[in-house]
Amino acid sequence: MPLDQSFIGREYPPTRPYEVGREKIREFADAIGDDSALYRDPAAAGAAGYPDVIAPPTFAVILSMGAHDAIVDDPQLGLDYSRVVHGQQEFTHHRPIRAGDRLVTVVHVDDIKARAGNDFLTVRAEIGTVEGEPVCTATSMLVARGTAEEGDA
């Protein structure tokens, strides 16, 4: 059964605050194979004009994917996550994520389309500080394979 089009425009409540730590940034940088000193050395980050180490741009996926749980777990939407593949990801950074940030994410359903027996769900995650400063907008397309038509497998 196709996903419910009435979910377009839905906004979910903010996530619990996520405290960005130096060690998490370093682990992420190690995982993606980026050895930039900006991700590891407070002195190097300070020399570049940052108050502490910054995170690689794709670090925002940790927050955006965590926020997707609100959508995935919403029984009214009817999304079968076992059929979902990640189709696309974009980040618009308003400033770098940095150690010491306390971030919350508000996730929005921007679009739902059915094509070729698949559902395409466009989700936007607005990541900001607990004080309300915008940090990053992460837009994802999730593809639910073979669900848009009844009986499609």
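Points to keep in mind about this one:
- Restricting segment 49-86 to residues that are out of contact with any strand residue (DSSP E or B) (no Cβ under 8 Å at 6 or more places or on another chain) and modelled with pLDDT of 95 or more leaves a set whose member that is nearest to G146 (Cα to Cα) is F59.
- Answer residue from segment 67-112, given it is among the β-branched types (V, I, T) and within 11 Å of I127 (Cα to Cα) and is surrounded by the fewest Cβ atoms within 10 Å (Cβ to Cβ) among those: T92
- Residue match in segment 126-135 (condition: in a loop (DSSP other than H, G, I, E, B) and closer than 22 Å to G9 by Cβ): yes
- When P51, P2, P56, P14 are checked against the criterion of being farther than 30 Å from F120 by Cα and in contact (Cβ under 8 Å) with a residue 24 or more places away in the chain, P51 stands alone in meeting it.
- Scanning segment 19-48 for residues that are more than 19 Å from I127 (Cβ to Cβ), of a type outside the set (D, E), out of contact with any helix residue (DSSP H, G or I) (no Cβ under 7 Å at 6 or more places or on another chain) and in a helix (DSSP H, G or I) returns A31, P42, A43, G46, A47.
- When A60 is tested against (1) part of a loop (DSSP other than H, G, I, E, B); (2) over 19 Å from F7 (Cβ atoms); (3) hydrophobic (A, V, I, L, M, F, W, C), only condition (1) is not met.
- The set of residues in segment 66-116 being in a strand (DSSP E or B) and among the aliphatic types (A, V, I, L, M) consists of V84, V85, L103, V104, V106, V107, V109, I112, A114.
The values are calculated or read from the model by the stated rules, or taken from the named source; none is laboratory data. Note that the structure is predicted; figures quoted are calculated from it, not measured. Cβ atoms come from the backbone with ideal geometry, glycine included; neighbour counts cover every protein chain shown.
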